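J.: Would you mind keeping the following structure in view while I ask a few things?
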Amino acid sequence: AAFFGKRSENQAWPRAPGEPRRTFSVDAFDRRLPPWTRGLPSELYGRAIGAALAGNDARAALAVMALFLQGAVLYAASSAVHRRLLTALEGDRVRRRNTSGLSALGSLPLLSPEASAVAWAQARTGLRSVRGRLLVLLPGPMLGMMTLLFKQMDKEERFVLTLAENGHLMVGAAGLFSLYAMQALTMNMFGSDRAGLTLQFLSPISDRELARGKIAGCGLVFAVSMALAIVSALLVADSSAPLLWVAVVLGVFAAYVLLSPAYVWLSALFPVASDLSKTGSGGNPHPLPMLAGMLLVLVCAAPAGLIIVLTQYWLEQPALAPML
């Protein structure tokens with residue numbers, strides 16, 4: 001917030017001759033933010049500091065107590081997760097309980113039990129790794145934060161403002177970013193398993209079922225990322241026609257389906273031993289699949305994007321978008 005406030009304060013705002021120069025007001029900026037943002041830790045911290053400087057000890061103490069409460073909740077949640085990860089490695093009893101819970105998930109639609117097992121394992125690997133969590137958490141929430149901030153900047157950022165005025169377009173942009181971020185998994189589906197790849201080859205499963213399971217598992221991770229993008233758009237963007245939201249969700253998943261054969265072939269032809277616990281180059285796929293993925297994402301997402309733009313702005317018939 002400080003960065004955007006400084007930027008706005010130093011910007012030469014366009015004004016008519018004789019009109020006084022507008023200045024940036026932090027209070028006015030805060031008033032335009034949605035009410036739920038006041039409970040964020042950063043906002044509570046700023047209010048505590050501001051109240052203390054203003055001599056309002058009661059208000060500052062209330063903000064500090066809220067911060068301590070949030071910290072206690074987060075600490076308890078992280079402690080429970082950490083304890084579960086530690087005990088999962090100690091005994092067969094916990095491993096048997098985890099295995100039975102995983103098998104209770106059952107088979108995925110249109111997949112055999114063998115392919116479903118591969119899909120659940122792939123999804124679990126992606127969501128438990130550092131790289132997988134980043135590619136799930138970054139696209140939607142980060143774009144939502146940018147939209148929320150630039151929405152208060154007197155319409156200076158046309159691209160982000162368009163996303164703020166059309167929630168479905170924000171979901172589509174987050175979907176594209178997620179498809180690019182997913183390349184650490186999708187463009188190296190076999191190399192990221194490391195020693196687990198040997199077990200897959202020794203398992204009684206065909207190559208086709210293995211590939212289908214991998215695609216479905218990465219699709220589950222992509223679905224989680226899209227769910228967060230939809231929630232972020234609902235929180236910060238203006239509402240638009242519900243059928244356009246449906247069309248955008250169908251479009252990004254259609255692009256994923258179109259990309260799936262390329263994911264399988266490029267992962268098989270250019271495997272690279274990668275570590276998904278690393279955020280740097282150690283977790284990246286082969287450079288050639290990454291370059292091909294940059295082009296293929298645009299090619300496969302272009303038809304859905306063109307349909308949505310034409311039905312919304314040219315034909316002005318949003319109901320046609322999901323059908324097309």
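The values are calculated or read from the model by the stated rules, or taken from the named source; none is laboratory data. Worth saying up front: this structure is predicted, and the values here are computed from it rather than measured. Every residue, glycine among them, receives a Cβ derived from its backbone with ideal geometry; neighbour counts consider all protein chains shown. Accessible surface is based on the protein model in full, side chains and every heavy atom, while ligands, DNA and RNA are left aside. Shrake-Rupley method; radii C 1.70, N 1.55, O 1.52, S 1.80 Å.
J.: Order 196-209, 109-122, 293-306, 166-179 from most to least packed using the mean count of other Cβ atoms within 10 Å.
T.: So the peptides 196-209, 109-122, 293-306, 166-179, ranked by packing, come out 166-179, 109-122, 293-306, 196-209.
J.: Mind checking which of VAL249, LEU228, LEU288 is farthest towards the positive end of the stretch 192-308's charge dipole, using Cβ charges of +1 (Lys, Arg) and -1 (Asp, Glu) about the Cα centre?
T.: LEU288
J.: Could you work out how far apart the two model spin labels at ARG84 and TYR45 are, taking each label as a point 7 Å from the Cα in the direction of the beta carbon, and quote it in nm?
T.: Distance between the two pseudo-spin positions: 2.8 nm.
J.: A follow-up question, please. Sort 56-66, 74-84 by packing, meaning the average of other beta carbons within 10 Å per residue, with the highest value first.
T.: 56-66, 74-84
J.: Out of the total accessible area of the stretch 163-318 (probe 1.4 Å, heavy atoms of protein only), what percent is carbon and sulfur?
T.: Exposed carbon and sulfur together represent 73 percent of the surface.
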